[in-house]
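Enquirer: Structure in structure tokens, see below.
Each value in this text was obtained by applying a stated rule to the coordinates, not by laboratory testing. Bear in mind the structure is a predicted one, so any value in this text is a computation, not a measurement. A quick note on method: Cβ atoms are made from the backbone with ideal geometry, for glycine too, and the neighbour counts reach across all protein chains shown.
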Amino acid sequence: MSDYLIAALLIVGGLFIFVGSLGLAKLPDFYTRLHAPTKATTLGIGAVLLASVAVTAARDGTLSIHEIVISLFLFITAPVSANMLAKAALHKKVPMCDNTRNQDLKAHMAHQKAPDSE
Amino acid sequence: MSKVFHKLLPMPVHSLMLLVVWLLLNGFSVGQLVLGLFLAWLIPFLTFPFADHQSKAGKPFKVLMYFLRLVKDIILSNIEVALRVLYRNRSLQPGIVAFPLSIRADFPLTVLASSVSLTPGTVSVEFSDDRCWLYIHVLHLKDEQQLISEIRQRYEQPLREIFSC
């Protein structure tokens, strides 16, 4: 029974990690590409870590806490790296794809100015 | 007496957290407990003078509710973003949104920006230097006003209550 659960978790995790990587390759510009690995992978890795917890629980009958600590660190660090990448891209003036809405805000954003200022 | 205590153990909560994480990572044994206790005392003792004192989070129940909601949103947003990635690029409508902030303190803003980055197709990019606006890049922007009011009531409002600011 637990085998099925573990297999299901691994498959779901693998699927989400795959979609995240696919998004990295296929989305139109740098900024949209940023979304795929920061999100789709958090759930993917979460599922894989849960599978790991389930494996230890089924084998040794103990609850392994390492995985929870790993996901905690992941949740803390993922937004920071996404934010730094986005900032660096803005600084380097990486272009956004043409149909991005509110592109006029880009200059304000890059100079950390309020959107209504000149 | 309490002054001496404060000098010796300036950040008791941090010390406790360090000890717990140390034991979780290394497994429980008497040796690790002693080493963990020593490090849990030493690290806050050495770093306290450099610490930048931030607004304190209160109301543990609300913190827990916030955390649970965040986990739920992360799961839902993952599914949404995954579907969005599998659709054709042409149906994608990315956009930038300027979110008007009503909190100012550093730590609550960090938590808000991180929450935004972790949830539905949004990455927080930059603050305006007067701390009144948060710029967000959205993977698929349907309705700007709706997104703003959603972030406001789902994250910003609870954070204001938690940090009472």
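Enquirer: Give the value in nm², to one decimal: projected area of the alpha carbon convex hull of segment B:2-50, averaged over all directions.
Expert: 3.5
Enquirer: I need to check one value: relative contact order of segment B:2-50, counting alpha carbon pairs closer than 8 Å and at least 6 residues apart, in percent.
Expert: Details: 31 pairs, mean separation 25.2, N = 49.
Value for segment B:2-50: 51 percent.
Enquirer: Sticking with this one: Under 17 Å from the 7 Å Cα→Cβ point of B:D73, by amide nitrogen: which residues of segment B:100-133?
Expert: It comes to B:100-104, B:107-126, nothing else.
Enquirer: While we're on this one: Can you tell me the 0 to 90 degree angle between the C-alpha axis of helix B:60-86 and the longest principal axis of chain B, rounded to 10?
Expert: 40
Enquirer: Build a GNM of chain B with springs between Cα atoms under 10 Å: which of B:L83, B:L23, B:L112 gets the top mean-square fluctuation?
Expert: The residue that fluctuates most here is B:L23.
Enquirer: Let me ask another. Could you calculate the FRET efficiency of A:T56 with B:E161 from 1/(1 + (r/R0)^6), where r is the beta carbon distance between them and R0 is 45 Å, rounded to 0.05?
Expert: Calculated transfer efficiency: 0.75.
Enquirer: With charges only on Cβ, +1 for K and R and -1 for D and E, what is the dipole size of segment B:40-129 about its Cα centre, in debye, rounded to 20?
Expert: It works out to roughly 400 debye.
Enquirer: For A:A114 and B:K62, FRET efficiency with R0 = 35 Å and r from the beta-carbon atoms, rounded to 0.05?
Expert: Step by step, r from the Cβ atoms, then E = 0.70.
Enquirer: Assuming R0 = 22 Å, what is the FRET efficiency of A:I70 and B:L86, from their Cβ-Cβ distance, to the nearest 0.05?
Expert: 0.20
Enquirer: Please list, short to long, the whole-number percent of alpha-carbon pairs of segment B:45-97 in consecutive 10 angstrom bins beginning at zero.
Expert: Over segment B:45-97, the share of Cα pairs per 10 Å bin runs 17, 23, 24, 21, 12, 2 percent.
Enquirer: At 7 Å along Cα-to-Cβ for each site, give me the label-to-label distance between B:L42 and A:Y4 in nm.
Expert: Those two pseudo-labels are separated by 5.2 nm.
Enquirer: Hey, could you pull the Cα Rg and Dmax for chain A, both in Å?
Expert: Both quantities, over Cα of chain A: 19.2, 64 Å.
Enquirer: Can I ask one more? Where does helix B:106-118 land angle-wise versus the long Cα axis of chain B, in degrees 0 to 90, nearest 10?
Expert: 50
Enquirer: With n ≥ 4 as the cut-off for DSSP H runs, can you work out [θ] at 222 nm for chain A, using -39500 (n - 2.57) per run divided by the number of residues, rounded to the nearest 500?
Expert: -25000 deg cm²/dmol
Enquirer: I would also like to ask the following. As a quick test, which of the pairs A:K26/A:K87; A:K26/B:K72; A:K26/A:K92; A:K113/B:K72; A:K106/B:K72; A:K113/B:K62 have an alpha carbon distance above 25 angstrom in this structure? Please report the intermediate quantities before stating the final value.
Expert: Values: A:K26/A:K87 22 Å; A:K26/B:K72 27 Å; A:K26/A:K92 22 Å; A:K113/B:K72 33 Å; A:K106/B:K72 31 Å; A:K113/B:K62 33 Å.
Check vs 25 Å cut-off fails for A:K26/B:K72; A:K113/B:K72; A:K106/B:K72; A:K113/B:K62.
Enquirer: Just how large is the dipole of the protein assembly as shown about the Cα centre, in debye to the nearest 20, putting +1 at every Lys and Arg Cβ and -1 at every Asp and Glu Cβ?
Expert: Values: 26 positive and 20 negative charges, 14 e Å.
Around 60 debye, computed over the protein assembly as shown.
Enquirer: Name the residues of segment B:21-48 whose amide N is less than 15 Å from a point 7 angstrom out from the Cα of B:K7 along the C-beta direction?
Expert: It comes to B:45-46, nothing else.
Enquirer: Give me the tail of P(r) for the protein assembly as shown as a percent: Cα-Cα pairs with distance above 33 Å.
Expert: Of all Cα-Cα pairs in the protein assembly as shown, 33 percent lie more than 33 Å apart.
Enquirer: One-quarter of the Cα convex hull surface for segment B:60-163, in nm²?
Expert: For the Cα atoms of segment B:60-163, the hull's average projected area reads 6.4 nm².
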